[in-house]
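Peer 1: Let me begin by handing over the structure; questions about it come next.
The values are calculated or read from the model by the stated rules, or taken from the named source; none is laboratory data. Quick caveat: nothing in here was measured; it's all calculated off a predicted structure. Glycine also receives a Cβ, built like all others from the backbone with ideal geometry; neighbour counts cover every protein chain displayed. These accessible areas exclude ligands, DNA and RNA; they are computed on the full protein's heavy atoms, side chains included. Shrake-Rupley method; radii C 1.70, N 1.55, O 1.52, S 1.80 Å.
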Amino acid sequence: MKNLKLSLIAIFFFIPISLFANEGMWFLMHIERLNHRDMQKMGLQLTPEEIYSINNQSLKDAIVQFNGGCTASIISSNGLVLTNHHCGYNAIAELSTAEQNHLKNGFWAKSFDEELKPQSLYVRYFVRMDDVSERILSQVNNSMSEKEREAAINKEIAKIQSENDEGGKYTVSVRSFFQGNEFYYFVYQDYTDVRLVGTPAESIGKYGGDTDNWEWPRHTGDFSLFRVYGDANGQPASYSTENVPLKSNYHLPVNISGVKENDFAMILGYPGRTNRWMPAEGIEQNVKYAYPAWVEGSKLSMDVMKKYMDEDESINLMYASQYAGIANYWKNRQGMIDALTKHGTAETKRKTESKFNKWAQKADNIGTYGNVINDINNYYALTNEKAQHDNYLLSLLRSSKFSVLPYRLGSGFENYANANEAKRQELLPRLKAFINGAYTDYHLPLEKEVLAEQLKLYTSKSNYGLPDLLSEMSGANFETYVESIFNLSMFSSKEGAMAFLDYPDPEILANDPLYKLSSALLTKYREQPEALEQPLNDYQRSYRLLVNGLKESGISKIQYPDANSTLRLTYGKVRALPKDSRNDAAVNNYTTFKGVLNKYVPNDDEFDLPKDMLNVNKGKDYGRYANENGELSVNFLTDNDITGGNSGSPVLNGKGELIGLAFDGNIEAMAGDVIFDKDLQRTINVDIRYVLWLIDNYSNAKNIVDELTIVTK
Ligand code: ARG
């Protein structure tokens, strides 16, 4: 074994190291300078200009951010949008009823006018970006406190926004990179009329459920289709039957010739958040305090929710999306705890920090960097209990509607009650609309039980001090407590809330028990303890200096900024994991439809399939979607560097053609958000041939296939 390894190292020694550069979430505008030669060696055939151009049509025109948290691509000249099933999930559930259950049975519009408009869903097109670091950093100096610094930066940001938004046509976002050491602005255009075109049944789109989530070998048809509409001039417009499918500047061709090991693969998308410079003690804090609380709180809510969801399909539809979101991060955070512990990530970072600290103590550096590590460690030591507390509280706020709604609505009520008659008339329609929107799709018994259980957990676990209202309540009977405050509060029903608008008495609001509870919880969540003010200031400053110093000293080799929901490109290749007996495929870089059927468990929550899916396979004729072994490939692996937010991102070959759809990561590499492991980390993708087979052969939605530009070689 050992020898083999040595000889492999000897062989690899002569291959340029850059061949393994799968790490990195790169800015499109820097591809030419930083990555293009490397990408060409690996198989890219496009020029940088074909990937990102401000003036000419380029790949970037076909990549959109989907509803804030996911990515999608444009795949037809008529604004057809491809994203993951789990990204469209909320909209699909909202458009479903127990009688017309699109989530359960799937849905395919046969023409534009059958497409379904969910209440709110938007896609964001990327127009351009630029570096404004010098401009922004010229506004700050070292004697400023962090608060003063932030204020000065925000002032400049506001100017940049108004200079570039063309009178409100564009959304302009200025973001900080490298922990506040660089700044870029981004210009976007948002379209809010987005309609559901098609989706497979949930049993296909979420096949494997939470058991398979974050795992390989995987067999999920995680895709759904939407369409962007605009006005007659192609401009964004709110929903109207007059709107028309948006003509695309550029759409991705789809390549169905298949993938094999080592094929070049790049992914463009909107990764949400990584923390690749997170200090050692921050990792320790997450592993020991923050994440365990997150995991425990999430599981508690999931158990309560599931009980009610299983009883009644209409309750299931109300909570399916929220449940999936909580379950997704419940498993993710446990995966992070395990991976960070197993790989000793904090220890690795500690070594880097100790190297940094030696450099920082040198005469030239000590003035600027001398206290950096101390300040950082001091802050984490002071905030461990707070981090645990905050995560219990957050899991309460995340899963209990009535922990948040009364405060949010109550703030509006307060304004309303204190306003004169004219102002009230102005506020009234907005408040009514808010109430109508808020009091739909919930099940009161579930809400009461989630709140009671979460309060029980929160009050019993916090070592950090509770809001006054709850401080005496540890061990109390929370079922009775919750029951009684719901009985007394105007916020426990839509009618109660509406009634306030007729008799807006501030005193009644101030004494409302759900309002009092909700205010206490949110105030606690936002509390900035005075004792932490200075340590926080020093920590923020030192974290920024740490990143700057790590780069300046050459101790860190990282050249790309952390993910922060801005458009990035990552490139790598199709890459197998070691052979796995659970995968029937010839190479452990893809899975087959046979594997789907092997996992099938009739009527199971997670591994059921539509009945006709079984018959369809009898013929085993996958036509042009078959791979070279005559199988139907379902999912495949690449070694790209992605994270949450990349969901729905297109996977492209060297010619920029669509070969798959990224939808997940592997649990063993869950430390990836704070430290990239070039050997372990994989992206899990749906093979585009499975997507097309499901649309074309299985669902017979030929109208959609006809829209696509299909390439067969
Ligand atoms: N892990 C996927 C992501 O974060 C989401 C998968 C959704 N599926 C599920 N079973 N919850 O992008």
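Peer 1: Only one of A232, A237 is open to solvent by less than 40 Å² (accessible area, probe 1.4 Å), more than 16 Å from the ligand (Cβ to nearest atom) and assigned to a loop (DSSP other than H, G, I, E, B). Can you tell me which?
Peer 2: Testing whether each residue is open to solvent by less than 40 Å² (accessible area, probe 1.4 Å), more than 16 Å from the ligand (Cβ to nearest atom) and assigned to a loop (DSSP other than H, G, I, E, B) leaves just A237.
Peer 1: I would also like to ask the following. Within region 562-618, count every residue that is in a strand (DSSP E or B) and open to solvent by less than 30 Å² (accessible area, probe 1.4 Å).
Peer 2: Result for region 562-618: 9.
Peer 1: Which residue out of R175, R149 is basic (K, R) and assigned to a strand (DSSP E or B)?
Peer 2: None of the other options fit; the residue is R175.
Peer 1: Against the condition touching a residue at least 60 places away in the same chain (Cβ under 8 Å), more than 16 Å from the ligand (Cβ to nearest atom) and outside any loop (DSSP other than H, G, I, E, B), how does Q161 come out, does it pass?
Peer 2: Considered against the rule, which asks whether it is touching a residue at least 60 places away in the same chain (Cβ under 8 Å), more than 16 Å from the ligand (Cβ to nearest atom) and outside any loop (DSSP other than H, G, I, E, B), Q161 comes out as no.
Peer 1: When you check R350 against the structure, is it part of a helix (DSSP H, G or I), away from the ligand (no atom under 16 Å from the Cβ) and open to solvent by 20 Å² or more (accessible area, probe 1.4 Å), yes or no?
Peer 2: yes
Peer 1: Give N316, N328 a once-over and let me know the one that is within 30 Å of N463 (Cα to Cα) and either touching a strand residue (DSSP E or B) at 6+ places or on another chain (Cβ under 9 Å) or within 16 Å of the ligand (Cβ to nearest atom) (or both).
Peer 2: Working: N316 fails: within 30 Å of N463 (Cα to Cα).
Of the residues listed, the single one that is within 30 Å of N463 (Cα to Cα) and either touching a strand residue (DSSP E or B) at 6+ places or on another chain (Cβ under 9 Å) or within 16 Å of the ligand (Cβ to nearest atom) (or both) is N328.
Peer 1: For region 292-301, name all the residues that are surrounded by fewer than 20 Cβ atoms within 10 Å (Cβ to Cβ) and within 16 Å of the ligand (Cβ to nearest atom).
Peer 2: K299, the sole residue that qualifies.
Peer 1: Which count do you get for residues in region 554-594 that are touching a Ser or Thr at 6+ places or on another chain (Cβ under 9 Å) and among the basic types (K, R)?
Peer 2: Total meeting the criteria: 2.
Peer 1: Go through region 491-503 and give me each residue that's more than 35 Å from the chain's Cα centre (by Cα) and open to solvent by less than 30 Å² (accessible area, probe 1.4 Å).
Peer 2: Within region 491-503, G496, F500, L501 meet the criteria.
Peer 1: Quick check on region 280-291: of everything there that is more than 15 Å from I373 (Cβ to Cβ) and aliphatic (A, V, I, L, M), which residue is most open to solvent (accessible area, probe 1.4 Å)?
Peer 2: V287
Peer 1: For region 518-536, how many residues meet the condition of being in a helix (DSSP H, G or I) and either touching a His at 6+ places or on another chain (Cβ under 6 Å) or open to solvent by 30 Å² or more (accessible area, probe 1.4 Å) (or both)?
Peer 2: The number of residues fulfilling the criteria is 8.
Peer 1: Right, next: Kindly indicate which of N181, N213, N154 is within 16 Å of the ligand (Cβ to nearest atom), more than 30 Å from D113 (Cα to Cα) and open to solvent by 10 Å² or more (accessible area, probe 1.4 Å).
Peer 2: N213
Peer 1: Oh, and also: Within region 323-375, track down each residue that is aromatic (F, W, Y), in contact with a Ser or Thr (Cβ under 8 Å, 6 or more places away or on another chain) and more than 30 Å from S400 (Cα to Cα).
Peer 2: Scanning region 323-375 gives F356, W359.
Peer 1: Among (1) closer than 30 Å to Q100 by Cα; (2) out of contact with any His (no Cβ under 9 Å at 6 or more places or on another chain); (3) more than 15 Å from the ligand (Cβ to nearest atom), where does I337 come up short?
Peer 2: All conditions pass for I337, except number (1).
Peer 1: With respect to the numbered conditions (1) open to solvent by less than 20 Å² (accessible area, probe 1.4 Å); (2) at pLDDT below 95, which one is the sole condition not fulfilled by N463?
Peer 2: Here N463 meets the rest and fails (1).
Peer 1: From the list D673, D608, exactly one residue is within 16 Å of the ligand (Cβ to nearest atom), at pLDDT below 95 and over 25 Å from V587 (Cα atoms). Which is it?
Peer 2: D673
Peer 1: So which pairs qualify, if the first residue must be in region 641-654 and within 9 Å of the ligand (Cβ to nearest atom), the second must be open to solvent by 10 Å² or more (accessible area, probe 1.4 Å) and modelled with pLDDT under 95, the Cβ gap must be under 9 Å, and the two must be at least 6 apart or on different chains?
Peer 2: Short answer, once both residue conditions are applied: T643/D673; G644/D673.
A quick yes/no check of all residues on (1) within 16 Å of the ligand (Cβ to nearest atom); (2) out of contact with any helix residue (DSSP H, G or I) (no Cβ under 8 Å at 6 or more places or on another chain); (3) open to solvent by 30 Å² or more (accessible area, probe 1.4 Å); (4) touching a residue at least 60 places away in the same chain (Cβ under 8 Å):
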{"position": "R218", "(1), (2), (3), (4)": "yes, no, no, yes"}
{"position": "V228", "(1), (2), (3), (4)": "no, yes, no, yes"}
{"position": "E242", "(1), (2), (3), (4)": "no, yes, yes, no"}
{"position": "M278", "(1), (2), (3), (4)": "no, no, no, yes"}
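Peer 1: Could you list, ordered by first residue, the pairs with Cβ atoms under 9 Å in which the first is in region 327-344 and of a type in the set (D, E) and the second is open to solvent by 10 Å² or more (accessible area, probe 1.4 Å), at least 6 apart or interchain?
Peer 2: D338/I667; D338/E668; D338/M670
Peer 1: I need the full set of residues from region 262-271 which are crowded, with 24+ Cβ neighbours inside 10 Å and either part of a loop (DSSP other than H, G, I, E, B) or in contact with a Lys or Arg (Cβ under 9 Å, 6 or more places away or on another chain) (or both), in order please.
Peer 2: Kept after step one, since they are crowded, with 24+ Cβ neighbours inside 10 Å, are these residues of region 262-271: 265-271.
Hits for region 262-271 are A265, I267, L268, G269, Y270, P271.
Peer 1: Does S633 qualify as being touching a residue at least 60 places away in the same chain (Cβ under 8 Å), surrounded by 19 or more Cβ atoms within 10 Å (Cβ to Cβ) and within 16 Å of the ligand (Cβ to nearest atom)?
Peer 2: no
Peer 1: Of these, S111, S138, S73, which one is open to solvent by less than 10 Å² (accessible area, probe 1.4 Å) and either in contact with a Cys (Cβ under 8 Å, 6 or more places away or on another chain) or among the polar types (S, T, N, Q) (or both)?
Peer 2: S73
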